[in-house]
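Notes follow the structure.
The values are calculated or read from the model by the stated rules, or taken from the named source; none is laboratory data. Computed from a prediction, not measured in an experiment: that's the story for all the values here. Neighbour counts run over all protein chains shown; Cβ positions are idealised from the backbone, glycine included. Keep in mind that these areas ignore ligands, DNA and RNA; they rest on the heavy atoms of the full protein, side chains included. Shrake-Rupley method; radii C 1.70, N 1.55, O 1.52, S 1.80 Å.
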Amino acid sequence: MKHKKKILHLTYDMRIGGTEMVIKSLIEGTDKTLFDVEILCIESKTGPFGDQLIEQGCTITNLNWLGGFDKKLIKQIRHYLKKNSIDVLHCHQYTPWVYATLAALGMGSKVIFTEHGRFYPDYSSWKRRFINPLLALFTYKITAISKATKQALVDYEFLSAGKIDVIYNGIKGLQADKDDVTRTKNKLNISADTLVFGTIARLDPIKNHDMMIRAFAKTLEKLPSAMLIIVGDGDLMGELKGLVNDLNIKESVIFTGYIPYPKDYLAIFDIFLLSSLSEGTSMTLLEAMSLEKPCVVTDAGGNKEIIAHGETGLVTDNNNMQQYSDAMILLGTDPEQISIYGKQAKIRFQEQFDTQHMSNAYEQCYGE
């Protein structure tokens, strides 16, 4: 019988987030006849996605990293690799990569590092200029979730472009239920013919909800009956609600707060909005495309690699409120274009961003 390779995903935790969704999709999509797959979290808490995977039979182990450089963590990872005969150590994000590479020295486990996103504004340090090229020498493969993320690794992490492959995130497409859509609209007191703009993201400065809300206020001058639904929670909730009040658009904006599984809310959007200052590959953007939603996005990170401008949605300059509002109005006043862009968005999703495309690409890395 052919030996099944043992794959270990090393990450911070398995809370609800883009990186964690990628890992969850890989666990669920990896061919179990070829690979045994498990997860090691360097933090003590697992999180909801982890709990779901445990119910499916996935092995998840937690360590207790509290931040800072922890030599004990290197020993713990090294012990895990030896005890469980790990063939491939797939690290997600920078810090897990550093610890994993040091732990795997001389162990025989091949290290793969995936960068999922960048900060805004991006930055570097003199330490990384020297350390990262050394770590890369002991790393079998480096992947990035967009061309923009790859370039950031070159510019800010001093890694060789020739060693970095781009593997786009993929998800399992969503399916909308008409009855659920009707119930959700009724719950929010939204009429069936109301034009709904919407976004789903944590209320964090990097998501730039402030600009989106100001752009929507200008959009209401042309589309006075439109609604904006903001799904998510975060430290900026009070500040953003205050902005809505100051702009006198309270009757046109709904804050839902945190929704664990917001598919039904995404399904009622006519146009999906993403105004981020920085993005890798937005999983919610992919979900919107799978539901035939045309999208208005900023030219941040991998957004313009996902959305084909003028075909599946519109891409505006980053943090340009006037352009963003103009795009919302252009699309919002053309129902036929909304339908065309939506259908093309779903086709593009199926051809490039379905979870199987991502799983196949990583399986090829593991198999090599």
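Contact order, relative form, for the range 243-368: 22 percent (alpha carbon pairs under 8 Å, 6 or more residues apart, mean separation divided by residue count).
Magnitude of the charge dipole for the range 75-176, about its Cα centre and with charges confined to Cβ atoms of Lys, Arg (+1) and Asp, Glu (-1), is about 300 debye.
Between ASP317 and GLN352, the modelled label-to-label distance comes to 2.4 nm, taking each label 7 Å out from Cα in the direction of the beta carbon. Residue ranges 59-69, 11-21 sort as 11-21, 59-69 when ordered by packing (mean number of other C-beta atoms within 10 Å per residue, highest first). Counting only Cα atoms, the size of the chain along its three principal axes is 65, 46, 35 Å, in decreasing order. From zero outward in steps of 10 Å, how is the percent of C-alpha pairs of the range 78-178 spread across the bins? P(r) over the range 78-178, rounded to whole percents: 14, 44, 26, 11, 4, 1.
Computed from Cα atoms, the angle from the helix 321-332 axis to the main principal axis of the chain rounds to 70 degrees. Remark: the range 198-276 carries 42 Å² of accessible area per residue (probe radius 1.4 Å; ligands, DNA and RNA excluded). The range 236-252 and the range 98-146 have Cα centres spaced 41 Å apart. Residue by residue, the range 345-350 carries 3J(HN,Hα) couplings of 5, 5, 4, 4, 4, 5 Hz when phi is fed to the Karplus relation 6.51 cos²θ - 1.76 cosθ + 1.60 (θ = phi - 60°); x denotes Gly or Pro.
For the residue pairs LYS24/LYS141; LYS172/LYS263; LYS24/LYS127; LYS127/LYS163; LYS218/LYS346, alpha carbon separations beyond 22 Å are given by LYS24/LYS127; LYS218/LYS346.
At q = 0.15, 0.24 Å⁻¹, work out log10 I(q)/I(0) for the range 231-295 with the Debye formula, treating every Cα as an identical point scatterer and leaving solvent out; two decimals please. Scattering profile of the range 231-295, log10 relative to I(0): -0.58, -1.23.
Estimated from the Cβ-Cβ distance and a Förster radius of 35 angstrom, the FRET efficiency linking PHE158 and GLN364 is about 0.85.
Hydrodynamic estimate: the Kirkwood radius of the range 178-293 over Cα pairs, inserted into Stokes-Einstein at 37 °C and 0.692 mPa s, corresponds to D of 228 µm²/s.
Here's how it looks for LEU10: its modeled amide H is under 5 Å from those of LEU40, HIS90, CYS91, HIS92, which are all 5 or more places away or on a different chain.
Can you give the extra length, in nm with one decimal, that the chain gains between ILE190 and PHE138 once fully stretched, where that is 0.36 nm per residue apart less the Cα-Cα distance?
13.2 nm
Could you work out the percent of alpha carbon pairs in the range 1-113 separated by over 25 Å, rounded to a whole number? Everything past 25 Å amounts to 15 percent.
For the pair LYS45 and LYS241, the difference between a 0.36 nm per residue extended length and the Cα-Cα distance amounts to 67.4 nm.
Ignoring any ligand, DNA or RNA, what whole percent of the accessible area of the chain comes from carbon and sulfur when the probe is 1.4 angstrom? The value for the chain is 51 percent carbon and sulfur by accessible area.
Per residue, the average separation of C-alpha pairs within less than 8 Å and at least 6 apart gives the range 2-51 a relative contact order of 58 percent.
Against the longest alpha carbon principal axis of the chain, how many degrees, from 0 to 90 and to the nearest 10, is the axis of helix 71-84 turned? Its long axis makes an angle of about 80 degrees.
Bridges between two residues of the range 213-368, per DSSP, are antiparallel at a rate of about 10%. Hey, what angle do you get for helix 355-367 against the long axis of the chain, alpha-carbon based, 0 to 90 degrees rounded to 10? Roughly 10 degrees between the two axes.
Computed over the chain, relative contact order equals 15 percent, with contacts defined as Cα pairs under 8 Å that lie 6+ residues apart.
The slack between ALA176 and LEU105, meaning 0.36 nm per residue of separation minus the straight C-alpha distance, is 20.8 nm. Restricted to Cα atoms, the range 246-368 shows a radius of gyration and a Dmax of 15.7, 58 angstrom.
Packing, taken as the mean count of other beta carbons within 10 Å per residue, orders the peptides 186-192, 204-210 from highest to lowest as 204-210, 186-192. Each Lys and Arg Cβ is given +1 and each Asp and Glu Cβ -1; about its Cα centre, the chain then shows a dipole of about 1460 debye. Set the Cα radius of gyration of the range 112-253 against 2.2 N^0.38 Å, with N its number of residues, and you get 1.46.
The sum of -39500 (n - 2.57) across all DSSP H runs of n ≥ 4, divided by the residue count of the chain, sets its helix-only mean residue ellipticity at 222 nm to -13000 deg cm²/dmol.
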